[in-house]
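Here the structure comes first, spelled out in structure tokens, and everything after it is commentary.
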Amino acid sequence: MAESKGLVKGAIIGGAVGAAAALLLAPKSGRELRQDIRSKYNQASDKAMQWMSDAGAKTKEVASQVSQHATDLVDKTKSVVRAVKDEAETAAASAASAASQKPSAN
């Protein structure tokens, strides 16, 4: 996972450096160059905002799924605990009943 993040980060940084170098080394007037830089910045900014939006939506979706799984797990655990408690109470009542009906040795 960390290796994948490093690769993505390297690709983004490399792309930005390459784009900047291409803009700065292209034979254009200052006005055209500034306009191209502004345009590329706006495109990159829009793309970054879209990625952030997508990441936020994915994070909410994953959080919702985790919450649902946790709720299901808690419900199942409570159900199992109730069942075990009921069985223990039934066994205790049966044992008490059997002990009270046992004839005394006196």
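Some observations on this one:
- Qualifying residue in region 5-15 (condition: more than 30 Å from the chain's Cα centre (by Cα) and loosely packed, with under 11 Cβ neighbours inside 10 Å): no
- Inspection of region 86-94 finds a residue satisfying the criterion of being of a type in the set (Ser, Thr, Tyr), more than 35 Å from the chain's Cα centre (by Cα) and at pLDDT below 90.
- Condition check for ALA98: surrounded by 10 or more Cβ atoms within 10 Å (Cβ to Cβ) and not β-branched (Val, Ile, Thr): no
- Pairs, first closer than 18 Å to GLY18 by Cβ and modelled with pLDDT under 90 in region 34-59, second small (Gly, Ala, Ser) and not in a helix (DSSP H, G or I), C-beta under 8 Å, six or more apart: ASP36/ALA26
- Failed condition for ASP36, given (1) loosely packed, with under 10 Cβ neighbours inside 10 Å; (2) touching a Leu at 6+ places or on another chain (Cβ under 6 Å): (1)
The values are calculated or read from the model by the stated rules, or taken from the named source; none is laboratory data. Note that the structure is a prediction, hence the values are computed from the model and not measured. We place every Cβ from the backbone using ideal geometry, glycine too, and count neighbours over all the protein chains shown.
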